[in-house]
Amino acid sequence: MKPSKLQDHLRRCHPDKTEKDLKYFQTLKDKFQKRPTLDRLSASTSQRNDDGLRASYNISLLIAKSGKPHTIGKKLILPAVEEVLKTFTQTSI
């Protein structure tokens, strides 16, 4: 907005803020820019989902490679947990 229109808008729409100094508005702007946005939130959630999916795939692969029925998963719990931990530590570095 042009400065003259901005001042007019401030007087008409926000009369309670006309006496505020510049620092107030700069602080308001900084808070607005630092707030969490949907993009930032979804990026971290998406990354966690990808990591979990990768770990799940690696566990399923271990079970499939064993060539035995899916009940073998009970015997593979410890190696599977090791695989999960290995996957998460590789992606968080």
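The values are calculated or read from the model by the stated rules, or taken from the named source; none is laboratory data. Given the structure is predicted, the values throughout are model-derived calculations rather than measurements. We place every Cβ from the backbone using ideal geometry, glycine too, and count neighbours over all the protein chains shown.
Answer yes or no as to whether THR27 is at pLDDT 85 or above and in contact with a Leu (Cβ under 9 Å, 6 or more places away or on another chain).
No; evaluated as a whole, the condition is false for this residue.
Return only the number of the condition from (1) outside any helix (DSSP H, G or I); (2) at pLDDT below 80 that LYS20 does not satisfy.
(2)
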